[in-house]
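Since the structure comes first, as structure tokens, the remarks are kept for the end.
The values are calculated or read from the model by the stated rules, or taken from the named source; none is laboratory data. On a predicted model such as this, the values are computed, not experimentally measured, just so you know. Here Cβ is always computed from backbone atoms with ideal geometry, including for glycine, and neighbour counts include all displayed protein chains. The protein model used for the area step is the full one, side chains on, heavy atoms only, and it has no ligands, DNA or RNA in it. Shrake-Rupley method; radii C 1.70, N 1.55, O 1.52, S 1.80 Å.
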2 protein chains.
Amino acid sequence: MIQLFDLATKYENVRFSPFCWRIKLSLAHKGLEWKDIPVFFTEKHKLPTPNDQKVPVLVDGDTVIHDSWDIALYLDKKYTDALLFDSPESMSQSLFIKHWTEASLHALISRVGIMDFYEAQPESEQDYFRTSREARFGMTLEQWGGDSERYKVELNQAFQPLRMTVSKQAYLGGVAPNFSDYIVFGTLQWLRCGTSVKVFNPDDPIYDYRERLLDLYDGLGRSGAEYPSN
Amino acid sequence: MIQLFDLATKYENVRFSPFCWRIKLSLAHKGLEWKDIPVFFTEKHKLPTPNDQKVPVLVDGDTVIHDSWDIALYLDKKYTDALLFDSPESMSQSLFIKHWTEASLHALISRVGIMDFYEAQPESEQDYFRTSREARFGMTLEQWGGDSERYKVELNQAFQPLRMTVSKQAYLGGVAPNFSDYIVFGTLQWLRCGTSVKVFNPDDPIYDYRERLLDLYDGLGRSGAEYPSN
């Protein structure tokens, strides 16, 4: 069976890696079965060879694929039913949507959620998490999270192009979801499962869009519990 | 022949409406001929009936179409060679890219370019332009433009998802441009033809991307002169 290496938290049922959620929805989209293998940040030596120290990693028989984008391309090439992209242009434009989430949303989510991500690590992981992130940010976790109310407002604004689009059509893919929706869903799950931050009111078109995505594939997205402090 | 109502400036050869540029490239993409009819802001009574007071308007025989998005859909339905979208998902994702330009870029361009847009009006238009915009903004044009250096930096950052994408592929549509590229090109032309603001260095992947787009269709985009103060 396909194996998917995912990111563990100290909570049995909480998974917040946005990149891994992209792939879980994609596997379900194709009707494939797989086994999740969660590993902690300090357990990267448990990842299969070749090991680039990052999740997701997909293992399909003798094939090991890294990087969520490359995994999506692999899945469409190998399993040609229920394509994740219906055309070359759709695939190319999905790369833009991937970069939009990463350039416009992820840095802000890293800010608003940092103390929650830290808290979700078991005690044995917290030193590594703090030290590695503080070296990367050049400041303490508390300083990085800093003015979280301001970042939350900026994050809500940064979602505006998505809001305008899903007020007019059910999915970025149109009447049905495609990989670009799973990219955005990964980001929404990072917020929902990894943080206690509430960005969307129930009257926000993005709230309904997320509900539609959470309902897909027998509620696969809801199997990722919300952040426990809620 | 198809007629396209466009926005005039006091310069014979300067057209800066981003929405009209979307359609000019789309018509050329399909190999269609058309006649441009530029009108000033106060000449909206010259637009064809039914008149919603906005450009672009496309007149094709007895058919009058408003709104650049609806014009693109019309063109693909009526002229089925050289489609602007190669699939339903590609069309749906282009709507996201349209909203990205409008939500994330246009407000900032309106700020950095406002005094240039004003200056590009003939004297007979400037009172109308100032009064209507100041009512909309709730402040003077000078205040709206305000801290233009800060807005220019923010605008450069807001282009980041495009920058990341076109460093990896020639166009948003992939190996060839589609309507999502013409949407972004409209925005780039608004900056290039409507303002003296230089946002992209020659080593920026967006600079090369714009050059590729300017070269299309015998240099159609270059027929829109750069802003005269350069």
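Sorted from nearest, the other copies put their A:Thr42 label points 7.4 nm away, the label point being 7 Å from Cα in the direction of Cβ. As a test, work out the antiparallel percent of DSSP beta bridges whose residues both lie in region A:2-128, rounded to the nearest 5. So the antiparallel bridges in region A:2-128 amount to around 55 percent. A:Gln157 label point (Cα plus 7 Å toward Cβ) to equivalent points in the other copies: 1.0 nm, shortest first. Which residue fluctuates the most in chain B, going by a Gaussian network model with Cα springs under 10 Å, if the choices are B:Ser26, B:Ser180, B:Ser132? Between B:Ser26, B:Ser180, B:Ser132, it is B:Ser132 that shows the largest mean-square fluctuation. Helix-only arithmetic for the protein assembly as shown: the sum of -39500 (n - 2.57) across DSSP H runs with n ≥ 4, divided by the residue total, places the mean residue ellipticity at 222 nm at -16000 deg cm²/dmol. Within straight-line reach of B:Lys54, meaning a Cα separation under 14 Å, sit the following aspartates and glutamates at least 8 residues removed in sequence or on another chain: B:Asp6, B:Glu43, B:Asp67, B:Asp70. On the principal axes of its alpha-carbon atoms, region B:10-99 has extents of 39, 28, 23 Å, going from largest to smallest. Among the residues of A:102-110, the average count of other protein chain beta-carbon atoms within 10 Å of the residue beta-carbon is 2.
What do the square roots of 5 times the Cα gyration tensor eigenvalues come to for region A:1-157, in whole Å, largest first, as semi-axes of the equivalent ellipsoid?
Working from the Cα gyration tensor, I get semi-axes of 29, 21, 13 Å.
Take A:Val175, move 7 Å from Cα toward the beta carbon, and the resulting point lies 3.0 nm from the same point in each other copy, nearest first. DSSP assigns beta bridges within chain A; of those with both partners inside it, close to 55 percent run antiparallel. Panel note: the C-alpha atoms of the protein assembly as shown, placed on their principal axes, show extents of 72, 47, 42 Å (largest first).
In the calculated pair distance distribution of region A:114-171, what percentage of Cα-Cα distances lie above 19 Å?
Summing the P(r) of region A:114-171 above 19 Å gives 49 percent of all pairs.
Our note on the geometry: Cα centres of region B:49-74 and region A:105-130, 51 Å apart.
Result for chain A in a Gaussian network model with C-alpha springs under 10 Å: among A:Phe40, A:Phe16, A:Phe185, the largest mean-square fluctuation is at A:Phe40. Surface composition of chain B: carbon plus sulfur atoms contribute 51% of the solvent-accessible area (1.4 Å probe, protein chains only, all chains present).
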